[in-house]
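Asker: One structure follows; several queries about it will come next.
The values are calculated or read from the model by the stated rules, or taken from the named source; none is laboratory data. This is a predicted model, so every value here is computed, not measured. Methodologically, a virtual Cβ is constructed for each residue, glycine included, from the backbone with ideal geometry; neighbour enumeration extends over all protein chains shown.
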Amino acid sequence: MNIRPRPIALKSLTAKVILLWHGCCISHAMKYSLISLLVSGISLWGGNQQPLLEPTEFNVNSKYTVESIELSREIETRISHGLRQDIERLIGEKLNPAALNDLSRRIRSELHVRDVTQKVLRGNVPDHVKVVLDVAGRKNEWDLSVPKIVYHSTQGLSGAVEGTAILGSNRITAGLVSDGDDLAERYTGIRARYENRRVGSDRVRFRFNFASYHEQWNSSTLSALGKDASVPGIYRTRQDFSPEATILLAKPLTLSFGADFQSFDTQFPASRTQSANAAITTLRYERRIEGWGADQQELEASYSLRAATKALNSDFAYTRHRWQARYSITRGKHTVSDEALAGLIIGQAPLFERFTLGNSTLLRGWNKYDLDPLGGSRVVHNSVDYRYSMVDVFYDTGAIWDPGQDAVVRHSVGVGIRKGSFMVAMAFPIKGGRASPILMVGMNY
Amino acid sequence: MQQVTRRWWLMASFGAPFTLGLSASALRVRLDGDDLRVAAPQFRFLTGMPLEKLKDGATVVFLTQLSISTEVNGPAIKRAVDRFVVSYDLWEEKFSVMENGADRARVSHLSSTAAEAWCLDHLAVGIGGLAPDKPFWVRLELRAEDARDQAGVLDGTGINLTRLIEIFSNPARAQQMRSEQVAGPMRLSDLKKESRSARSG
C-alpha cells in the first residue's frame, strides 16, 4: 500500500495560526506585526526561488563516455550515501553536463560550501573522459557571515556578525555580538578568534578566542538577585580569553581541551574585578548513518566539563557539566529529530555559567525571566521536532532548578516555517490560565 | 626634405608598437547588402579564464552587441545582439560554436581564431534609416555570460533580445571577461564606394 503524506495547505495553516494568536488576546499592534512578519518571511522565501534553467547549452564533449568521477577528499568523506550513489550512476554513461551541474548543486547544499568546481579531462581510453569534482575555495579569502540573528518577542533582537580572513589553514575572525537570548544577561561587544585547522596534521586544530562584553540586566534578574544571596552578583563588563586544542581521536569522535580565563567587573557589594578561570574539555561524537534508500540519520552527542579552580587563580571554584545528544532521521520531506540536554553545576558559579530555559532554542514559548530570572544550576530538557518540507512543529519539555528547590517540569508546543537557515515560529507554553505565545523570527538560531 | 635623425628613428621604434597596437585593435567594417558586418582579426576572446574553463570541459557563453551611434560615446541608434555557446573538444582539441540567435547555426572542428572569426561573422546590424553622409561609429561589445545574468536570457523560442539589451545597458561585473572595439567615424556613402570597388576589383 502506498502511503502518501497528506499535503498541508500553507494558507489554511497560516490562517489557523493567526486565529490562534487572535484567540490568545494579543494586542492589535503585536497581531499586525506578527502577520507582517509571517508574510514577509514567506515572501522572502518565495523571492529566493530561482527558476531552474533548462539544459539548453550544448557541450561537444557530451559524445564521450564518463570513465571515472574523482571526488576531492572533502567531498568524498562528507557526502551522503544517496548522493554518492547518484554520482556513481553517471560512470559509464555519456557525459551529461546538466546532470553534473545538478550534482554540484546537491553537493553545495549538503556540504554548505560556496561552490563546487567541475573539471572534465581526457580519460585513459580514447573517447572517454574523467570528471573531477572539488570544493572551490581559494587559499586566501575573506568571508562575512551572520552566525545568528533572531527576534524573540519577549527578549528582543539578538544577533552576531563576523568577518573571517582565511589564510591557508589559518582563520582570523572578528565580529560584533549583542545577545539577550542565551544567558540570563544581555551581552554586547566584540569577539575575535584565531584558528589553525591543521597543526602538523589534519587531526589537530588549535583555536584562541577573545571576547569583550558589556552586560545589561533584566529588572526581574536584579530583583531576584536581591532575594537570593547564594548566587553571585551582576557585573558590568566581562572579558574572555580561551585557548583550546581539538584532536580528532577517531573519525566520529573529537576531544577538545584547553583553558578559559574570564574576568569581570562586579558592581555589588563593591566594585572590583573577579575572575573565573577554568580548565575546559569537550568530548564530541558526530555520526551520519545512511540507510539504503532515502533514509538519512544523524547522531550527535557531547559532554563538556568546565572546572574552575583556585589553582588557576580563580575567585570561583566550581565544576559545570553539560551533556547533550541529538538524533534525527530524514525520509524524503519528513524529518523527525530529538534533542536532549542535561546540565549540572557543583559549587558557586558566576551568572554567565548558569543554565537558562525559555529562550529561542530551549523550552520555546516560555519566558526565561518568568521561569528562573537568575538561571539555574540544574537543568534537563528535551525537544522533539517534526518537519514536513518547510513546516515545522515541535514539543519542548524541561525543568530548571537549584539545590533545595523542586524540579518543576514544564512543556511547550510550537509551529514554524523553516527554509534553510531561516525560520519563523510561534511557541505556546502549556500551562493553566492565560498563555501568551512567543514569536521567533530569524536565521541560524 | 626633412633630415631623418637618430632621434627620429628612436621615436619611431618606440612609437611603432603603440601605433600598430591601435591599428590592430581597430574593427574592419564592411557593407553586406542592407547590413553592416565587422571583422577583427586581432580581436581575441578565447583566451585567459574563458579558455581555461573551455579546456576544463565546460561550455562558455559569450554575449555580443554590435551597435551604431552618431557620436563616439553616444547612445546606440541601431543594434544587434547575439549569444554564442562555445565548447572545446577534449580529444580533438578543436572548438565548437552554437549561435542562439535566429539562425541557430552550429559549427565544429575550428581552431580558436576560426571560432572567434565565425562568431564575429554572424554579427550584422541593419543600416535602414541611416543617412548616407552622416558620420557614425560602430561599436562591438563582447562579454562572457555571468551565471547571475542567465535568468530570462533564453525563452522557448530562442534568445530574449530585450533581456540581452538590458544586460549590455548595465556595466559588466568585476570578474566578468569583457571587451570592446570601436570604429569610426565613417559614412555609409564611403562604405558603399569601398564595397563597389571591392566587387569590381
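Asker: Name the residues in region A:73-98 that are assigned to a loop (DSSP other than H, G, I, E, B) and buried (at least 16 other Cβ atoms within 10 Å of the Cβ), would you? Give the derivation first.
Answerer: At the first step, the residues of region A:73-98 found to be assigned to a loop (DSSP other than H, G, I, E, B) are A:79-80, A:90-93, A:95-96.
Residues satisfying the conditions are A:ILE79, A:SER80, A:LEU90, A:LEU95.
Asker: Looking at this structure, is A:ILE87 closer than 25 Å to A:ASP295 by Cα, out of contact with any strand residue (DSSP E or B) (no Cβ under 7 Å at 6 or more places or on another chain) and among the aliphatic types (A, V, I, L, M)? Talk me through it step by step, then tell me what you get.
Answerer: Details: closer than 25 Å to A:ASP295 by Cα: yes; out of contact with any strand residue (DSSP E or B) (no Cβ under 7 Å at 6 or more places or on another chain): no; among the aliphatic types (A, V, I, L, M): yes.
Criteria not met by A:ILE87.
Asker: Hey, any hits in region A:109-126 for a residue that's touching a Phe, Trp or Tyr at 6+ places or on another chain (Cβ under 9 Å) and either more than 14 Å from chain B (Cβ to nearest Cβ) or assigned to a strand (DSSP E or B) (or both)? Reasoning before the result, please.
Answerer: First pass over region A:109-126, keeping only residues touching a Phe, Trp or Tyr at 6+ places or on another chain (Cβ under 9 Å): A:120, A:122-123, A:126.
Cutting the leftovers down to either more than 14 Å from chain B (Cβ to nearest Cβ) or assigned to a strand (DSSP E or B) (or both) gives us A:120, A:122.
Within region A:109-126 (the criterion being touching a Phe, Trp or Tyr at 6+ places or on another chain (Cβ under 9 Å) and either more than 14 Å from chain B (Cβ to nearest Cβ) or assigned to a strand (DSSP E or B) (or both)), the answer is yes, since at least one residue qualifies.
Asker: Let me ask something additional. Pairs under 9 Å by beta carbon, first residue more than 26 Å from A:GLY332 (Cα to Cα) in region A:83-99, partner among the aliphatic types (A, V, I, L, M) and in a strand (DSSP E or B), six or more apart or different chains?
Answerer: Pairs that qualify, where the first residue is more than 26 Å from A:GLY332 (Cα to Cα) and the partner is among the aliphatic types (A, V, I, L, M) and in a strand (DSSP E or B), are A:GLY92/A:VAL66; A:GLU93/A:VAL66; A:LYS94/A:VAL66; A:LEU95/A:VAL66; A:LEU95/A:VAL120; A:LEU95/A:VAL129; A:LEU95/A:VAL131.
Asker: Could you check region B:81-110 and list, in sequence order, the residues that are buried (at least 18 other Cβ atoms within 10 Å of the Cβ), closer than 20 Å to B:VAL38 by Cα and either in contact (Cβ under 8 Å) with a residue 24 or more places away in the chain or facing chain A (nearest Cβ under 7 Å) (or both)?
Answerer: Residues satisfying the conditions are B:VAL81, B:ASP82, B:ARG83, B:PHE84, B:VAL85, B:VAL86, B:MET98, B:ASN100, B:GLY101.
Asker: Considering each residue of region B:68-80, count those that are outside any loop (DSSP other than H, G, I, E, B) and crowded, with 16+ Cβ neighbours inside 10 Å, and give that number.
Answerer: We begin by selecting, within region B:68-80, every residue outside any loop (DSSP other than H, G, I, E, B); these are B:68-69, B:76-80.
Then keep just the ones that are crowded, with 16+ Cβ neighbours inside 10 Å; that gives B:68-69, B:76, B:78-80.
So the count comes out to 6.
Per-residue answers, yes or no, for (1) under 20 Å from A:HIS112 (Cβ atoms); (2) in contact (Cβ under 8 Å) with a residue 40 or more places away in the chain; (3) surrounded by 17 or more Cβ atoms within 10 Å (Cβ to Cβ); (4) of a type in the set (A, V, I, L, M):
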site	(1), (2), (3), (4)
A:PRO126	no, no, no, no
A:VAL131	no, yes, yes, yes
A:SER145	yes, no, no, no
A:GLY180	no, no, yes, no
A:ARG186	no, no, yes, no
A:PHE210	no, no, no, no
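Asker: Counting just the residues of region A:411-445 that are touching a Pro at 6+ places or on another chain (Cβ under 7 Å) and in a strand (DSSP E or B), which one comes out surrounded by the fewest Cβ atoms within 10 Å (Cβ to Cβ)? It would help to see each step written out before you state the result.
Answerer: So the first thing to find is which residues in region A:411-445 are touching a Pro at 6+ places or on another chain (Cβ under 7 Å), and the list is A:412, A:426-428, A:435, A:444.
Right, trim to in a strand (DSSP E or B) and you get A:412, A:426-428.
Details: A:SER412: 25, A:MET426: 24, A:ALA427: 24, A:PHE428: 20.
Among residues in region A:411-445 that are touching a Pro at 6+ places or on another chain (Cβ under 7 Å) and in a strand (DSSP E or B), the one surrounded by the fewest Cβ atoms within 10 Å (Cβ to Cβ) is A:PHE428.
Asker: Here's a follow-up. Does A:ASP338 meet the test of being touching an Asp or Glu at 6+ places or on another chain (Cβ under 9 Å) and either among the charged types (D, E, K, R) or at positive phi (or both)? Break it down stepwise before answering.
Answerer: Details: touching an Asp or Glu at 6+ places or on another chain (Cβ under 9 Å): yes; either among the charged types (D, E, K, R) or at positive phi (or both): yes.
Spelling it out, A:ASP338 is indeed touching an Asp or Glu at 6+ places or on another chain (Cβ under 9 Å) and either among the charged types (D, E, K, R) or at positive phi (or both).
Asker: Here's a follow-up. Among the residues of region B:7-27, which ones are surrounded by 12 or more Cβ atoms within 10 Å (Cβ to Cβ) and either modelled with pLDDT of 55 or more or hydroxyl-bearing (Ser, Thr, Tyr) (or both)? So that I can check it myself, show each step before the final result.
Answerer: Keep residues of region B:7-27 that are surrounded by 12 or more Cβ atoms within 10 Å (Cβ to Cβ), which gives B:24-27.
Answer for region B:7-27, where residues must be surrounded by 12 or more Cβ atoms within 10 Å (Cβ to Cβ) and either modelled with pLDDT of 55 or more or hydroxyl-bearing (Ser, Thr, Tyr) (or both): B:SER25, B:ALA26, B:LEU27.
Asker: Go through region A:215-236 and report how many residues are surrounded by 15 or more Cβ atoms within 10 Å (Cβ to Cβ) and not in a loop (DSSP other than H, G, I, E, B).
Answerer: 6
Asker: Only one residue in A:ASP396, A:ASP370, A:ASP406 is crowded, with 19+ Cβ neighbours inside 10 Å, more than 30 Å from A:SER275 (Cβ to Cβ) and out of contact with any Gly (no Cβ under 6 Å at 6 or more places or on another chain), so which one is that?
Answerer: The unique qualifying residue is A:ASP396.
Asker: Something else: In region A:262-361, which strands (runs of 3 or more DSSP E) lie fully inside it and hold 1 or more residues that are over 22 Å from the mean Cα position of the chain (by Cα) and of a type in the set (D, E, K, R)?
Answerer: Working: elements: A:272-290, A:296-308, A:318-331, A:334-347.
Correct list: A:272-290.
Asker: Taking region A:159-215, which residues are more than 19 Å from the chain's Cα centre (by Cα), at pLDDT below 95 and polar (S, T, N, Q)?
Answerer: A:SER169, A:ASN170, A:ASN196, A:SER201 - these are the residues of region A:159-215 that are more than 19 Å from the chain's Cα centre (by Cα), at pLDDT below 95 and polar (S, T, N, Q).
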